[in-house]
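Presented below is the structure to which this report refers.
The values are calculated or read from the model by the stated rules, or taken from the named source; none is laboratory data. Worth saying up front: this structure is predicted, and the values here are computed from it rather than measured. Because the Cβ atoms are built from the backbone with ideal geometry, glycine has one as well, and the counts that use them run over all protein chains shown. These accessible areas exclude ligands, DNA and RNA; they are computed on the full protein's heavy atoms, side chains included. Shrake-Rupley method; radii C 1.70, N 1.55, O 1.52, S 1.80 Å.
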Amino acid sequence: MFFQHIYDKTLAQASYFIGCQKAGVAAVIDPKRDVDTYLEIAKQNNMKITHILETHIHADFLSGSRELAKLTGGELYLSAEGGPEWQYQFSDFSFHPLKDGDSFMVGNLKIDVWHTPGHTPESISFLLTDTPASPEPVMFFTGDFVFVGDIGRPDLLEKAAGVVGTMDAGAHQMYKSISRFSKLPDHIQVWPGHGAGSACGKALGAVPSSTVGYEKIRNWAFRFGSDEHGFVKFLLEDQPEPPKYFAMMKKLNKVDRPLLTEVPKLKKLSNTEMNDALAKGVKLIDTRNKADFAKGFIPGSLNIQGNNSFATWCGWFLNYEEPFMLLADEAQLDDLTRKLMRIGLDNILGYVPDTTAYTAEGGALETAKMVDTDTFKKMLSENNLQVVDLRGETEYKQGHIEGADHVFVGTLAKNLDKVRKDQTVVVHCQGGDRSTIGYSLLAAHGFNNVWNYSASVNEWVKQGNPLVQ
């Protein structure tokens, strides 16, 4: 058997390439959208991708299953569980509908289908047996069912996609699925769909895989025994805010959509083209480091750094129906474009490499108003000051600077009325990245009285200053 774990650290998303070397055939489980990764693995190992599997209709990334099927001729194997309202609806590809108890072969590899609802009603998992080696199963691909140290959250459909009434029902389904999982042999390897940093759970472990036995010892979900009520309560509380783009992913993974079979090459925009677009309301995403942005930025631009969180924050602030532009170093374009296409943000008008052309043609840059800890502490003694904590709700509840108002940065654009224009405002987060996004957003909306405490809570606590709950 050939096996390779492919991990996208930007979305904390795992996919898997498994192959039968004797038959020269392979399956891919939950592929990301830039599918050239799998084509290269197949080429290097002289295998043909014949099976393309999904564990469920994903909400956190745009699946590359159909792109991969178009390029390889591989057949789709998708869930038919969950009832009529949870079925795939696209018409451009046929697929093998999978139910609990089904099995199929990939060469000499046997894959058994388990219906494991809870995260979503249609969720399935794949139990793999390497038949030439042993009649016993050895790997369990769980998707968003069981993670390392955590389990999939059942509230996303309700909170992100607006499907009312699914949260509580999903939690009870998850309890039953976990009970079934616990009866598997301890030696079976667990390969989940996500790792630490994913918004599909609240306490995902950093290691890529586990075993059934290890999860029964370590994972909180197995500590409740017969207390189903306690399990449901704990599962639903203190989950992080689901990114705004999740609702669009749930839709696009289910219905007909344009396919993108290669990474697009972006158009380099002239300064005139950029200015014309800005005048029409097209957003400019400045992907530079926050320190470089603070030293001088094009008015109206939004600073979302091109790091591992780039796609997630773009998914909060960009509209799928409207074009946008990037300010990015040319060496980063392929990486940034891949990150965006993985969540379906394909409507990129073009890019500018830096601010040089803008200033050369008479454009004036703005500089960010930054404040250090000592100055911030002095400002706190002033009456005409509003402190805005841009972290998540759970972070805020666990401890915040006394007197700080809470507005999560992802929803800031819809809550501008909560930021005072008649007072001096200081924004902060945990480490500075989110406060820079928030500062740039407020500056773009005409808030001229805002300061960025970029050192944020980390530095505040490091210097011995208190937090309140």
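Here are the numbers:
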read-out	value
The range 177-227: number of residues that are farther than 27 Å from K9 by Cβ, acidic (D, E) and in contact (Cβ under 8 Å) with a residue 12 or more places away in the chain	1
Residue, surrounded by the fewest Cβ atoms within 10 Å (Cβ to Cβ), within the range 280-301, restricted to residues that are among the charged types (D, E, K, R) and part of a loop (DSSP other than H, G, I, E, B)	K280
Number of positions in the range 446-459 that are surrounded by 20 or more Cβ atoms within 10 Å (Cβ to Cβ) and either touching an Asp or Glu at 6+ places or on another chain (Cβ under 6 Å) or in a helix (DSSP H, G or I) (or both)	2
Members of the range 159-199 that are open to solvent by 40 Å² or more (accessible area, probe 1.4 Å), of a type in the set (A, V, I, L, M, F, W, C) and not in a loop (DSSP other than H, G, I, E, B)	M167, A169
Output for the range 268-283, where each listed residue is under 10 Å from G350 (Cα atoms) and either among the acidic types (D, E) or within 26 Å of the chain's Cα centre (by Cα) (or both)	E273
Criterion violated by Q4 - all others in (1) out of contact with any His (no Cβ under 8 Å at 6 or more places or on another chain); (2) in contact (Cβ under 8 Å) with a residue 60 or more places away in the chain; (3) open to solvent by 10 Å² or more (accessible area, probe 1.4 Å) satisfied	(2)
Test: residue in the range 8-26 that is of a type in the set (G, A, S) and out of contact with any strand residue (DSSP E or B) (no Cβ under 7 Å at 6 or more places or on another chain)	yes
Test: residue in the range 266-279 that is open to solvent by 10 Å² or more (accessible area, probe 1.4 Å), in contact with a strand residue (DSSP E or B) (Cβ under 9 Å, 6 or more places away or on another chain), without any contact (Cβ under 8 Å) to a residue 60 or more places away in the chain and in a loop (DSSP other than H, G, I, E, B)	no
The range 29-57 residues that are within 17 Å of G73 (Cβ to Cβ), paired with ones that are of a type in the set (S, T, Y) and in a loop (DSSP other than H, G, I, E, B) (beta carbon under 8 Å, 6 or more apart)	P31/S63; V35/T261
Flag if A443 is assigned to a loop (DSSP other than H, G, I, E, B), over 30 Å from T37 (Cβ atoms), aliphatic (A, V, I, L, M) and in contact (Cβ under 8 Å) with a residue 12 or more places away in the chain	no
Check on A455, of a type in the set (G, A, S) and under 19 Å from D374 (Cβ atoms)	yes
Single residue of the range 83-135 satisfying the filter (hydrophobic (A, V, I, L, M, F, W, C), part of a strand (DSSP E or B) and in contact with a helix residue (DSSP H, G or I) (Cβ under 9 Å, 6 or more places away or on another chain)) that is surrounded by the most Cβ atoms within 10 Å (Cβ to Cβ)	W114
Residues of the range 239-251 satisfying the condition of being of a type outside the set (K, R) and open to solvent by 30 Å² or more (accessible area, probe 1.4 Å)	P240, E241, A247, M248
Enumerated helices (runs of 4 or more DSSP H) restricted to the range 307-417, each holding at least 1 residues that are open to solvent by 20 Å² or more (accessible area, probe 1.4 Å) and within 25 Å of A199 (Cα to Cα)	310-317, 333-341, 393-398
Number of positions in the range 136-147 that are assigned to a loop (DSSP other than H, G, I, E, B) and over 17 Å from the mean Cα position of the chain (by Cα)	3
Counted residues, the range 46-71 - those being touching a Ser or Thr at 6+ places or on another chain (Cβ under 8 Å), open to solvent by 20 Å² or more (accessible area, probe 1.4 Å) and outside any strand (DSSP E or B)	2
Residue among L235, L259 that alone is touching a residue at least 12 places away in the same chain (Cβ under 8 Å), surrounded by 14 or more Cβ atoms within 10 Å (Cβ to Cβ) and not in a helix (DSSP H, G or I)	L259
